[in-house]
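The values are calculated or read from the model by the stated rules, or taken from the named source; none is laboratory data. Note that this is a predicted model, so its numbers are computed, not measured. In this analysis, Cβ positions are derived from the backbone assuming ideal geometry, glycine residues included, and neighbour counts consider all displayed protein chains. Just the protein is used for accessible areas: all its heavy atoms, side chains included, with ligands, DNA and RNA removed. Shrake-Rupley method; radii C 1.70, N 1.55, O 1.52, S 1.80 Å.
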Amino acid sequence: MTDRYQSLAHNPIGKFVVKNLGLPNPPELERWSEGAPLVKGTVLIGAAPKGTLGTTLNTTLKSSGIDVVGVRAEGKKYKGLVFDATGITDTAGLADMQQFFTPALRSLAGSGRLVVIGTLPEQAATDTAAIAQRALEGFVRSAGKEVGGNGSTANLVYAGAGAEGALASTLEFLLSPKSAFVSGQVIRLGLTDLVTPDAVADPAQPLAGKVALITGASRGLGAAMARTLHRDGAAIVGLDVPGLKDELDAVMAELGGTSIAEDITAADAPKVIAKALKDAHGGVDIVVHNAGITRDKRLKNMKTENWNLVIDISVGAPQRITAELLKQQLIRQGGRVIGISSIAGIAGNNGQTSYGTAKAGVIGFVQDLSKRVAKDGITVNAIAPGFIETDMVKTMPLGIREAGRRLSSLSQGGQPIDVAEAIAWYANPGSSAISGNVVRVCGQALIGA
Ligand code: NAD
């Protein structure tokens, strides 16, 4: 749905009113379009002494086709500022990061990107290093709040032991406009034994030869995911309830995909889905458990049937379907299982005990399963969207809707494409070292951890 306030704030009269009354002024966010360079500008890199990345950062960015420099030129604007903080081993060393960012921030272009790379605190060699590395989180979360006003973002990547060479897909995502609505996030590489990225044969079609199943694909976020994974080369199998078969067929016709009209909570759904994937494609590479509903009521007014429905659609059915696909060995080596959580599953939300429970369950699902399927070369992650402009948010009362939009570092709702781009990043063969993660696509909403 459209954000009327944002459109108003950008017309000449609106601009005047917003400025004079000190109202929120949502910046226009740059988004990626097909054929455009990943980063429209230069990225400035810096490092603390004795980092583990060495020249890896420079070579990784260059081989991704990104223009990168190590020395700041006075008067030049930079699209990205990346700091290798892996060499910081005590809190005094954090000043190296401050000394890189403070002068460089004055040269940050609009819709710019701040990225800090550290090492997993739990793997640090000393207690002082563990503390200093943990402190990086507070830095990016605060910096994200400072730079959001011009559409810029700040994120942290922890490269676990052995995963230093697996940064490319994540840096390409974070530095490009594909991550327009991702800020204040911590991404952990190497949480499982999967630390080596798979090769990407064609960067323009990284998912060529892959098959993606997306549930709830007839509209909203699911339809955007289907279009984006198709753009990246995947064959799409979309699923939705029988009542939305026509809408689903229309999206699949557009993408040359196939439809499964099935309620995922039906007892036979896991077997029906497994058979459809086996018959059409011999298996599946990417499974996105996107279907979800809300039946919001305060706990004191909650009906058990609605409670059960919300929880079963978001987290019960995805477990049964994944278990069946794994049992039949239909998820191929290099596979991706992706859950859709919500910031309500992280921070909780008034009137959403069922939804918050379901979406926290999704986090439990990916954290548990990621450890069990790493041996099969399969990653399992979740995206937790914040306020995204879809049909789902039309049902919200106006006040809550406006608060959802404005109370974030970017003071606006996200677009379905923002969630879809994050799914494409997880699905990328180069993202094998990312498993067991929950990343929010929420514009750094003030509600939530
Ligand atoms: P939406 O209502 O537009 O789409 C959800 C889709 O899931 C629909 O097509 C629906 O028919 C399908 N679905 C529901 N129950 C199903 C079932 N039993 N079997 C098969 N399909 C079923 O919602 P959306 O905004 O696109 O949300 C997609 C996902 O993102 C959901 O899991 C939702 O909880 C989550 N999410 C959305 C937002 C947001 O702001 N829009 C925020 C956080 C999380």
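Only the Cβ atoms of Lys and Arg (+1) and of Asp and Glu (-1) were treated as charged; on that basis the dipole of region 53-149 about its Cα centre amounts to roughly 540 debye. A simple spin-label model places pseudo-atoms 7 Å from Cα toward Cβ; at A125 and E146 they are separated by 3.0 nm. Exceedance of the 27 Å cut-off in Cα-Cα distance is limited, within the set K297/K327; K300/K394; K271/K359, to K297/K327.
Can you tell me the 0 to 90 degree angle between the C-alpha axis of helix 94-105 and the longest principal axis of the chain, rounded to 10? Computed tilt is about 90 degrees.
Per residue, the chain exposes 41 Å² of accessible surface when a 1.4 Å probe is rolled over the protein heavy atoms with every protein chain present.
Counting only alpha carbon atoms, the long axis of helix 317-327 and the longest principal axis of the chain meet at about 90°. Considering the chain at the alpha-carbon level, its Rg and Dmax are found to be 21.5, 65 Å. Using only side-chain charges placed at the Cβ, +1 for Lys and Arg and -1 for Asp and Glu, the dipole size of region 19-189 relative to its Cα centre rounds to 480 debye. A straight Cα-to-Cα reach below 23 Å connects K79 with the lysines K40, K62, K145, K178, residues fewer than 8 places away in its own chain not being considered.
Across region 211-441, counting alpha-carbon atoms alone, Rg and Dmax equal 16.7, 49 Å.
Each of the peptides 296-304, 102-110, 323-331, 79-87 was scored by the mean count of other Cβ atoms within 10 Å over its residues; in descending order, highest first, they stand as 79-87, 323-331, 102-110, 296-304.
Heavy atoms only, probe 1.4 angstrom, no DNA, RNA or ligands counted: give me T379, T265, T89, T196 ranked by accessible area, highest first.
Result of the area sort, largest leading: T196, T89, T265, T379.
Can you tell me the orientation of helix 416-427 relative to the chain, as the angle in degrees between its alpha-carbon axis and the longest Cα principal axis, to the nearest 10? Tilt of helix 416-427: around 90 degrees. The modelled label-to-label distance for the pair L398/E74, using points 7 Å beyond Cα in the direction of Cβ, is 5.3 nm.
Ordering V186, G160, G110 by the projection of their Cα atoms onto the charge dipole of region 19-189, which places +1 on the Cβ of Lys and Arg and -1 on the Cβ of Asp and Glu, puts G110 at the extreme positive end. With semi-axes defined as the square roots of five times the eigenvalues of the C-alpha gyration tensor, the equivalent ellipsoid of region 19-189 measures 25, 19, 15 Å, largest first.
An oblate overall shape is assigned to region 183-300, the ratio a/c of its alpha-carbon gyration tensor axes (a ≥ b ≥ c) being 1.5 or greater and a/b not exceeding b/c. F139 sits with roughly 60 Å² accessible to a 1.4 Å probe, with DNA, RNA and ligands left out of the calculation. Please check which bits of region 245-262 a label hung off E34 would reach, taking the label as a point 7 Å along Cα-to-C-beta and the cut-off as backbone N under 17 Å. The answer is 251-257. Across the accessible surface of the chain, with the other protein chains kept in place and a 1.4 Å probe, carbon and sulfur atoms take up 54 percent.
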